[in-house]
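The values are calculated or read from the model by the stated rules, or taken from the named source; none is laboratory data. Keep in mind that this is a model prediction, so the values were computed, not measured. With ideal geometry, Cβ positions are generated from the backbone for all residues, glycine too; neighbour counts draw on all protein chains shown. Note: areas computed on protein heavy atoms with side chains; ligands, DNA, RNA excluded. Shrake-Rupley method; radii C 1.70, N 1.55, O 1.52, S 1.80 Å.
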Amino acid sequence: MRQSTLVVPLLCLMSAPVLADWYEATGQAVIRGTERSEARTEAVQDAVRKALLYAGASVRSVQQVTDGLLTQETLFLQTQGEVQNVQIISETEEDGYILVTVRADIFPDQKQCSNVRLKKTLMVSPFQLSHPEQAVTGQLYELGTSSTKVFMQKLQEFSHSSSGKLLPQIIRQPELSYQERQTLQRQYSSPYLLKARLEDVSLGERVGTNWSFWSDAERERFYRLELELIDIQEQKQLFSQTYQTSAIWDFQDRTVISPNGQRFWRTDYGKSIERVLNAAAQDIEEVLRCESVQAQVVVVEPERLMLNLGSAQGLKLGDEFTLLYRRQHKDSTGKWQDQITISELKLKITELTNQTAWAESSNGAFLANVQVGDLASPTLNHN
């Protein structure tokens, strides 16, 4: 498995009425046979998408930008909107990959997301291997675990809006109880839960004859990943997607290739999986980008209260919040639910640590009715 270059802003500002930042990013794609042109396209798209996400922009313009870029005789493009200039500055090939580094001049449209500065915590349930019997050939029983690890690395690599937290155990139940939801939100300070299943890692029919002593006839091997992103507080699905790929598996049936080793990730099958996980992580980042951020009240004092978000999530001194009262009630089926009431109480951050913040009333309202477990929704006044 290759590690892509992290996206790093170069902070080179143009002398124009509206300032933009240059961002440099390296994208990668698997070279399949002699299909270098297709791989180059994918690598450029990957690099521009990473730069856009780091800048807090939307990925919607990626296809338009990269399609135009690849039709130019020169490696420079003028476009409209969030991406003004894109320049390819290097191309290399390494271990079956093509790596393309681009420099992009980006004007992120911050108006699309007022809270893009704050990072959301994403709870990630370890990927579940739905049919372990399909993993017998190659002994790929840990493919769920290794896929989870690679996905988390991809998310960390270019995520600007979210921070992944891996749960200790797989969440298998389709619906969580009220108590389970409350426990997760209290422990991880987030309502966002990602569940994933590997639904197909099976082998297809033999597609050729290979007389080499170390391998049998070539067979196609599949990989189907199903993702579901849930807001467990609102009990609604935010995103659901199935990703599918396949590659030739030309090892003997008795050959053992651990998914935790580099040998596996250098196979055509491993490279195809990495591409899927890269796309999945970018999709999740895009979905979470504009989702709301809410802090929980964890300590209440007479003149101030503590929230469970801090500078690590992007909070700054002076940020303002609106308090939301959260009370329990039973619905018509007898299940416990949250009832959220927007209060008149406005809060201002006065002290910060890495993971917590102290807030005081900014409009003279009393804190007497505030309870541990109440919520606070940010109103950001600066970038």
Go through (1) in contact with a helix residue (DSSP H, G or I) (Cβ under 7 Å, 6 or more places away or on another chain); (2) at pLDDT 95 or above; (3) not β-branched (Val, Ile, Thr) one by one and return the number of the condition Glu133 breaks. (1)
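Return the residues of the stretch 284-294 that are touching a His at 6+ places or on another chain (Cβ under 8 Å) and either loosely packed, with under 15 Cβ neighbours inside 10 Å or assigned to a helix (DSSP H, G or I) (or both); say none if nothing qualifies.
From the stretch 284-294, those touching a His at 6+ places or on another chain (Cβ under 8 Å) are 285, 289; that's our starting set.
Hit for the stretch 284-294 is Glu285, nothing else.
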Is it the case that some residue within the stretch 228-236 is open to solvent by less than 20 Å² (accessible area, probe 1.4 Å) and in a loop (DSSP other than H, G, I, E, B)? yes
Which count do you get for residues in the stretch 256-280 that are out of contact with any strand residue (DSSP E or B) (no Cβ under 9 Å at 6 or more places or on another chain) and in contact (Cβ under 8 Å) with a residue 60 or more places away in the chain? 9
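Please go through the stretch 8-52 and pick out each residue that is part of a loop (DSSP other than H, G, I, E, B), among the hydroxyl-bearing types (Ser, Thr, Tyr) and at pLDDT 50 or above. Don't jump to the end; show me each part of the working.
To start, the set of residues in the stretch 8-52 that are part of a loop (DSSP other than H, G, I, E, B) comprises 10-20, 31-35.
Applying the additional criterion that residues be among the hydroxyl-bearing types (Ser, Thr, Tyr) yields 15, 34.
Within the stretch 8-52, Thr34 is the sole residue that qualifies.
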Kindly indicate whether Pro168 is closer than 26 Å to Ile273 by Cβ, modelled with pLDDT of 90 or more and either assigned to a loop (DSSP other than H, G, I, E, B) or open to solvent by less than 10 Å² (accessible area, probe 1.4 Å) (or both). yes
Consider the stretch 172-200. How many of its residues are aliphatic (A, V, I, L, M), within 30 Å of Thr137 (Cβ to Cβ) and surrounded by fewer than 19 Cβ atoms within 10 Å (Cβ to Cβ)? 0
Return only the number of the condition from (1) assigned to a helix (DSSP H, G or I); (2) open to solvent by 10 Å² or more (accessible area, probe 1.4 Å) that Val256 does not satisfy. (1)
Just to be sure before I move on: is Glu142 among the acidic types (Asp, Glu), open to solvent by 30 Å² or more (accessible area, probe 1.4 Å), farther than 23 Å from Lys119 by Cα and free of Cβ contacts under 8 Å to residues at least 60 places away in the same chain in the structure I sent? no
Out of all the residues in the stretch 268-278, is one or more open to solvent by 10 Å² or more (accessible area, probe 1.4 Å) and modelled with pLDDT of 95 or more? no
Reported set for the stretch 298-351 where residues are open to solvent by less than 30 Å² (accessible area, probe 1.4 Å), of a type in the set (A, V, I, L, M) and within 26 Å of the chain's Cα centre (by Cα) is Leu307, Leu309, Leu315
